[in-house]
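J.: So that we are looking at the same thing, I have put the structure below in structure tokens.
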Amino acid sequence: MLHHQPGLPSVADMSRLNPGDPAPPFTLTAADESEVWLSDFAGRTVVVYFYPAAMTPGCTTEACDFRDSLASLAAHDVAVLGISPDKPAKLAKFIERDALTFPLLSDPDREVMTAYGAWGEKTMYGKKVTGVIRSTFIVDGDGTIREAMYNVRAKGHVARVRGLLGIE
């Protein structure tokens, strides 16, 4: 669920976020059915990434790369949140199958994806379709977008994120 704040554009007005923009606050259900609020991570840097579907090849590559980098990210007080339209039960299977060690969140109504500009028209196999735009955001501890990356490729993306964070 998106929490609209006065002074922020409504979901309908938002398209893409840019560095310096406030990160749209949210509360989503995790794979374990708990609620996760972006504000739970206040004071920490958070990597929020949006992916199309759990257990698909590209999404598995990206999730496993984040898993494999989690210790070094955590050592720099960086948290990771993965968000897809999948239901919590499917996310739980994904976590179990691939031993994922960070929260995966369910956005079935795509409200949060829309607020972040991670839902919309994209080109897939030469055709225009509406769907999840693989996107990653680095949110600073004060809730400001530091980096906004759209249409990212799964392979090698986590290394790019680590570089932007100054983590070897």
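The values are calculated or read from the model by the stated rules, or taken from the named source; none is laboratory data. The model shown is predicted, which means the values in this text are computed figures rather than measured ones. Every residue, glycine as well, gets a Cβ built from its backbone with ideal geometry; the counts of neighbours run over all protein chains shown.
J.: Output the qualifying pairs, or none if there are none: Cβ atoms under 8 angstrom, residues six or more apart or on different chains, first residue in the range 114-127 and touching a residue at least 40 places away in the same chain (Cβ under 8 Å), second residue of a type in the set (Phe, Trp, Tyr) and assigned to a loop (DSSP other than H, G, I, E, B).
T.: 117/150; 118/150
J.: So residue 60 clears everything in (1) of a type in the set (S, T, N, Q); (2) crowded, with 16+ Cβ neighbours inside 10 Å; (3) modelled with pLDDT of 95 or more except one condition, right? Which one?
T.: It is condition (3) that residue 60 fails.
J.: Still on this structure, I have one more. Kindly provide the set of residues from the range 80-98 that are in contact with a helix residue (DSSP H, G or I) (Cβ under 8 Å, 6 or more places away or on another chain), closer than 22 Å to residue 41 by Cα and either of a type in the set (Gly, Ala, Ser) or in a loop (DSSP other than H, G, I, E, B) (or both), ordered by number.
T.: Within the range 80-98, 82, 84, 85 qualify.
J.: Looking at the range 99-148, which of its residues are surrounded by fewer than 18 Cβ atoms within 10 Å (Cβ to Cβ), part of a strand (DSSP E or B) and touching a Lys or Arg at 6+ places or on another chain (Cβ under 8 Å)?
T.: If the condition is that a residue be surrounded by fewer than 18 Cβ atoms within 10 Å (Cβ to Cβ), part of a strand (DSSP E or B) and touching a Lys or Arg at 6+ places or on another chain (Cβ under 8 Å), then 121, 122, 128, 129, 130, 131 are the ones that fit.
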